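What follows is a short report on a single structure.
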Amino acid sequence: MDCDYCYVYHGQDQTWRDMPFRMEAEVAATLIDQVKQLYLNQHTKPHVVFHGGEPLLYGINRLALLVKQFVDEIPDIQLSIQTNGTIYNTSLESLLLYYRDNLSYSVSVDGWQFENDRHRLGRRHQSVFPAIEKNLLRARSANVLDNILMVVDIENDPARIFEFMCATGAQSYNLLLQDGDHVLLPRGKGSFEDEATGYWLWELFKLYVSGDHEFRIKLFDDIVTSLLKLLRNIKSPSVTYSLATVTIDTNGEIKQSDTYRINADKADRLAGTTIRQTSIQEAQQDDHHIMRLKEIETLCDACTQCRYLDVCGGGYPNHRSRNGDFLNPSIYCNDYKYLFGKTEELLCS
């Protein structure tokens, strides 16, 4: 597929052009060893996401072996597949069912064919939705459709998006805002000041809280939980996305979250080392990495003085960037504040 908002292939970073198509077996084996070592050192349950690109192009048999090796070494590990939904067969279904306690299945799709085809077309600019729809039905029938990841497009009708959620039958839905920064605003974000995305999310939220359904929308549930804590003056520690996330590229290079690729070429790069050269833990303790994290995690005064700081945490760091300077509010700051304000009013009514 060739999704036009993809932060890997349509961001400012171009390092993907020199990356191997697949992760070599040696790199994958080293990755398993290093995740196990992190687990033994940190005593926290690791979460490994098979992402892309399209992770199922790795090959179902290769992926099945990788899953087996991870689970054999770390029995309580959490593994996730994030796929575009164009590939589904009996082998994949058997894998998902056999490792049900460890392996979850999530599909990226933005709604019905009309909505999905706005941005998520095949490499030859053709619709791939019929295949995705068929595969969603198969996964639902097998009871392995754990999650659907949807990117918000305010040109879509929130009512149709909610209709899709009700009809598709996933256990949960994650909503992502289109990536961009203060230099390159995403589609639908006319200016930093506008609140159109906030309006759109509020319309969907109202459908969510009034509808008769069994699925959850994680973004909205998280917001409600945080606002309830805020209203009760309950403080809770949080671990930010940047501190908790690391990407291992197909060549084994250790990087920050790959979403930074939307901001600049090599914006997600650390020291340029691979897991064959150094451990993930050593890379995270590198002076350059620590300095970079400090730059990213330091919030501007507008954020630190905001009533809703504990609700959004300043938003995703890549949405705060302006030519590499992260001391800015998120480009979605006004959208967040509108949504938080309306939700708080509802909770207090």
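The values are calculated or read from the model by the stated rules, or taken from the named source; none is laboratory data. The model shown is predicted, which means the values in this text are computed figures rather than measured ones. For neighbour counting, all protein chains shown are included, and Cβ atoms are generated from backbone atoms with ideal geometry for every residue, glycine included. Surface accessibility is based on the protein's heavy atoms, side chains included, excluding ligands, DNA and RNA. Shrake-Rupley method; radii C 1.70, N 1.55, O 1.52, S 1.80 Å.
The figures follow:
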{"quantity": "Per-region count, region 178-204, residues open to solvent by less than 50 Å² (accessible area, probe 1.4 Å) and more than 20 Å from Trp112 (Cβ to Cβ)", "calculated": "12"}
{"quantity": "Answer residue from region 107-122, given it is part of a loop (DSSP other than H, G, I, E, B) and more than 19 Å from the chain's Cα centre (by Cα) and is farthest from Leu204 (Cα to Cα) among those", "calculated": "Gly122"}
{"quantity": "Region 302-321, residues that are farther than 27 Å from Lys255 by Cβ and surrounded by fewer than 21 Cβ atoms within 10 Å (Cβ to Cβ)", "calculated": "Ala302, Thr304, Gln305, Cys306, Arg307, Tyr308, Leu309, Asp310"}
{"quantity": "Selected residue (criterion: nearest to Pro186 (Cα to Cα)) from residues of region 1-59 that are in contact (Cβ under 8 Å) with a residue 24 or more places away in the chain and of a type in the set (Val, Ile, Thr)", "calculated": "Val8"}
{"quantity": "Residue match in region 128-140 (condition: of a type in the set (Asp, Glu), open to solvent by 50 Å² or more (accessible area, probe 1.4 Å) and outside any loop (DSSP other than H, G, I, E, B))", "calculated": "yes"}
{"quantity": "All positions within region 143-157 that are out of contact with any Ser or Thr (no Cβ under 7 Å at 6 or more places or on another chain), open to solvent by 20 Å² or more (accessible area, probe 1.4 Å), more than 16 Å from Arg187 (Cβ to Cβ) and not acidic (Asp, Glu)", "calculated": "Asn143"}
{"quantity": "Qualifying residue in region 91-103 (condition: under 19 Å from the mean Cα position of the chain (by Cα) and in contact (Cβ under 8 Å) with a residue 40 or more places away in the chain)", "calculated": "no"}
{"quantity": "Residue list for region 60-88, filter: touching a Lys or Arg at 6+ places or on another chain (Cβ under 9 Å) and more than 22 Å from Cys3 (Cβ to Cβ)", "calculated": "Arg62, Phe70, Glu73, Ile74, Asp76, Ile77, Gln78"}
{"quantity": "Exclusive hit being of a type in the set (Gly, Ala, Ser) and closer than 30 Å to Ile290 by Cβ, set Ser226, Ser210, Ser191", "calculated": "Ser226"}
{"quantity": "Within region 1-40, considering residues that are aliphatic (A, V, I, L, M) and not in a helix (DSSP H, G or I), the one modelled with the lowest pLDDT", "calculated": "Val8"}
{"quantity": "Residues within region 50-82 that are open to solvent by 70 Å² or more (accessible area, probe 1.4 Å) and within 26 Å of Val8 (Cα to Cα), tallied", "calculated": "4"}
{"quantity": "Within region 322-339, considering residues that are modelled with pLDDT of 95 or more and under 21 Å from the mean Cα position of the chain (by Cα), the one surrounded by the most Cβ atoms within 10 Å (Cβ to Cβ)", "calculated": "Ile331"}
{"quantity": "Residue check, Asp101 open to solvent by 10 Å² or more (accessible area, probe 1.4 Å), part of a loop (DSSP other than H, G, I, E, B) and within 28 Å of Asp221 (Cβ to Cβ)", "calculated": "yes"}
{"quantity": "Filter pass, Leu299 being over 15 Å from Gly198 (Cβ atoms), among the hydrophobic types (A, V, I, L, M, F, W, C), open to solvent by 20 Å² or more (accessible area, probe 1.4 Å) and without any contact (Cβ under 8 Å) to a residue 40 or more places away in the chain", "calculated": "yes"}
{"quantity": "Matching option when the condition is within 24 Å of Asp221 (Cα to Cα), touching a residue at least 24 places away in the same chain (Cβ under 8 Å) and out of contact with any strand residue (DSSP E or B) (no Cβ under 7 Å at 6 or more places or on another chain), among Asn156, Asn147", "calculated": "Asn156"}
